[in-house]
Amino acid sequence: MDIFSKIKEKLTHEFIDIIEWLDYTDDTIAHRFERYQNEIKNGAKLIVREGQTAVFVNEGQLADVFTPGTYDLTTKNLPILATLKGWKYGFNSPFKAEVYFVNTHLFTDEKWGTKSPITLSDERFGLVEIRAFGTYAFKISDAGKFIVDIVGTDNNFTNFEINEHLKSLIATRFTDTVGEANLPIELYAANTSELSDTCREVMAPEFESVGISLEKFYIENVSMPEDLKKEIFEYSRIDKLDLDKLTKFKTAKAIEAAAKNEGGTAGAGMGMGMGFVLAQQMGGMMSPQMGGNPQMQQSGAPVPPPMPAVVQYFYAVNGTQHGPVSFEQMQSLFAGRTINRDSLVWKQGMANWTALKDVEELKSFLGGNTPPPLPNNQ
């Protein structure tokens, strides 16, 4: 640049007496108004448009902040800067100060997501991993604090520069929030609205600490591994079914499958089972009540005792009573993780609801009933 160009630049900037900024971008948050040697003339006009805030900084110290409007830059309108400069009786010469324009409109549709899977502990499925992503919206609520704490000396600060910091903050607080929520794993995807509101309340104070207002926060999707998703779907279907009907249905299907494999082990087993059933039926037909051999009635043969009554159990899941179910159904519920060792159960004759682990006949579900090894024969 030759000497005449330098003189032209100096004169062009020195005689500018209007300070304003027109934003032609979609992503600028803060812009520093550039002037020759940062000089501002006494009585210059400052124009702050709607959706903007002007911030004056003097030698790294926050000075005056201006909301939308038109101002004459005099000691009357620059009380903080006048104090910092030591102006007691006004000033006539140009003064130096940095002027930042801050966009205060809403920045929408900003993306966030978990970079790594979040590990959660579920009572039924053990340790599981989930991922989540969504959008958020923010705006600058305290322009002065934002300039001092975040922008610094950057002459053109964009939302791309702040988003990396905000995304890390969101991911950390989201992980903490879902961990403390301790919901059943399938409810995370079903309660995204409530979880979104909770996360926004948790994160808002940290955004405010740097002059940013978190206006909206949305969880768009919570994903999990496909095998876990299938297991949850299967569990939810079983939970809604009548277990007694399901057991009968599966038994009927097993009989049908065995009948198609008559030459195999299953067919042999089925044949033996049908033989036992026929034998019982024949025994019933030969009983004295059905007109059987009167000599058997007179011989004093032992008569079997009546069949024992089937014990029916009630159980509680999430504070709701279910049942009655049989011992075998209770075993299926335990195997399917619908209930666990601490689930409350009740049967006829019990005074109160009791944890499953403390009911004698149900302790077999917990394992530990293996007999000791046989003694060595010497």
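The values are calculated or read from the model by the stated rules, or taken from the named source; none is laboratory data. Since the model is a prediction, treat every value here as computed from it, not as a measurement. Positions of Cβ are backbone-derived with ideal geometry, glycine not excepted, and every protein chain shown enters the neighbour counts. The area values use the complete protein model at the heavy-atom level, side chains included, leaving out ligands, DNA and RNA. Shrake-Rupley method; radii C 1.70, N 1.55, O 1.52, S 1.80 Å.
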Mind listing whichever residues of segment 52-74 are open to solvent by less than 30 Å² (accessible area, probe 1.4 Å) and either in a strand (DSSP E or B) or on the phi > 0 side of the Ramachandran plot (or both)? Gln52, Thr53, Ala54, Val55, Phe56, Val57, Asn58, Ala63, Asp64, Phe66, Gly69
Is it fair to say Asn182 is without any contact (Cβ under 8 Å) to a residue 12 or more places away in the chain and not charged (D, E, K, R)? yes
Residues (under 14 Å from Thr320 (Cβ atoms) and at pLDDT 90 or above) located in segment 338-362: Ile339, Ser343, Leu344, Val345, Trp346, Trp353
Tally the residues that are surrounded by 15 or more Cβ atoms within 10 Å (Cβ to Cβ) and assigned to a helix (DSSP H, G or I), restricting the search to segment 206-226. 2
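Quick one: which strands (runs of 3 or more DSSP E) sit completely within segment 109-193 and have at least 2 residues that are at pLDDT 85 or above and not aliphatic (A, V, I, L, M)? Steps first, answer last, please.
Working: elements: 118-122, 126-140, 156-158.
The strands (runs of 3 or more DSSP E) meeting that bar are 126-140, 156-158.
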Looking only at segment 127-146, count how many residues are open to solvent by 30 Å² or more (accessible area, probe 1.4 Å) and over 16 Å from Gly211 (Cα atoms). 4
With (1) open to solvent by 30 Å² or more (accessible area, probe 1.4 Å); (2) aliphatic (A, V, I, L, M); (3) under 9 Å from the mean Cα position of the chain (by Cα) as the list, and Leu195 as the residue in question, which single condition is left unmet? (1)
Given (1) touching a helix residue (DSSP H, G or I) at 6+ places or on another chain (Cβ under 6 Å); (2) at pLDDT 90 or above; (3) open to solvent by 30 Å² or more (accessible area, probe 1.4 Å), number of the condition Met203 does not satisfy: (3)
Taking into account only those residues within segment 26-41 that are polar (S, T, N, Q) and open to solvent by less than 60 Å² (accessible area, probe 1.4 Å), which is modelled with the highest pLDDT? Thr28
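Assess whether Ala335 counts as being among the small types (Gly, Ala, Ser) and either over 21 Å from Gly126 (Cα atoms) or at pLDDT 90 or above (or both). Steps first, answer last, please.
Values: among the small types (Gly, Ala, Ser): yes; either over 21 Å from Gly126 (Cα atoms) or at pLDDT 90 or above (or both): no.
No.
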Check Asp176 against each of (1) in contact with a helix residue (DSSP H, G or I) (Cβ under 8 Å, 6 or more places away or on another chain); (2) farther than 27 Å from Ala30 by Cβ; (3) touching a residue at least 40 places away in the same chain (Cβ under 8 Å); (4) open to solvent by 30 Å² or more (accessible area, probe 1.4 Å) and name the one condition it does not meet. (3)
